[in-house]
Amino acid sequence: MTDRIRSRYFHWVRLSLLAAMAVLAALSSVADAAAQDPPAETELVSDPDETVERDDDGSFTARPVFNRQIPLLHYGIRDADDGSWIGAVYQVRGGERRHRDGWEYTFDYPVLDDQPELESDKPYVLALITRQAVGAEAYTFHAVIPVYQSDSLWDRVLGALSPDRWARAVARWIIEGVHGALCGVVERATGVDAAECR
């Protein structure tokens, strides 16, 4: 009787050990799979058209916001017409802070003597290059370095009276008026409501 109890006891011990080993193996494979997952892709959260604030002397302050913290951030400036690089590519150091949408990186241009000056009345393209580590895959984002526009009250009034702005507005009103009239003619002639015409 004791041998029978003893064999059953060892049988349950062996089954328990096998079950524990199977659970440990499963947990180990899950941990290995999780460790091999590639890092989440970096995204530029801020609007590329509103990332850069231009000054009257051609300099600018950039405030890109990314969805997560970036270990390595570089930037370069390209000509808006032909895409050629202006100057070298520079690394951003410091200036990061937690933002409600992610991580904001603030940097000014120029800060070094060898950085070329930019014309304030000419647009440029800011290339933001991010890496998760040295040698890792690089992601490049582009933002607009706009033409400088003064925000003083007098300049706003003069900008509102700009002939170019008024010409564009009048042309749009004329086009929309002609389009609306043609839609009305088509609807009356066919007797069908042109839902997509508007």
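The values are calculated or read from the model by the stated rules, or taken from the named source; none is laboratory data. Keep in mind that what you see is a predicted model, and the values were worked out from it rather than measured. For neighbour counting, all protein chains shown are included, and Cβ atoms are generated from backbone atoms with ideal geometry for every residue, glycine included. With ligands, DNA and RNA removed, areas are computed over all heavy atoms of the protein, side chains included. Shrake-Rupley method; radii C 1.70, N 1.55, O 1.52, S 1.80 Å.
When Gly180, Gly159, Gly94 are screened for being of a type in the set (Gly, Ala, Ser), outside any strand (DSSP E or B) and at pLDDT 85 or above, only Gly94 passes. Between Val170, Val134, Val147, the distinction of being in a helix (DSSP H, G or I), β-branched (Val, Ile, Thr) and at pLDDT below 95 belongs to Val170 only.
Within region 45-89, the set of residues being part of a strand (DSSP E or B), open to solvent by 60 Å² or more (accessible area, probe 1.4 Å) and of a type in the set (Lys, Arg) comprises just one member, Arg78. Evaluate region 90-97: report whether one residue or more is without any contact (Cβ under 8 Å) to a residue 24 or more places away in the chain and open to solvent by less than 30 Å² (accessible area, probe 1.4 Å). Scanning region 90-97 turns up at least one residue that is without any contact (Cβ under 8 Å) to a residue 24 or more places away in the chain and open to solvent by less than 30 Å² (accessible area, probe 1.4 Å).
Taking the criterion of being at positive phi, surrounded by fewer than 15 Cβ atoms within 10 Å (Cβ to Cβ), out of contact with any strand residue (DSSP E or B) (no Cβ under 9 Å at 6 or more places or on another chain) and at pLDDT below 95, would at least one residue in region 116-129 satisfy it? No, there is no match, as no residue in region 116-129 is at positive phi, surrounded by fewer than 15 Cβ atoms within 10 Å (Cβ to Cβ), out of contact with any strand residue (DSSP E or B) (no Cβ under 9 Å at 6 or more places or on another chain) and at pLDDT below 95.
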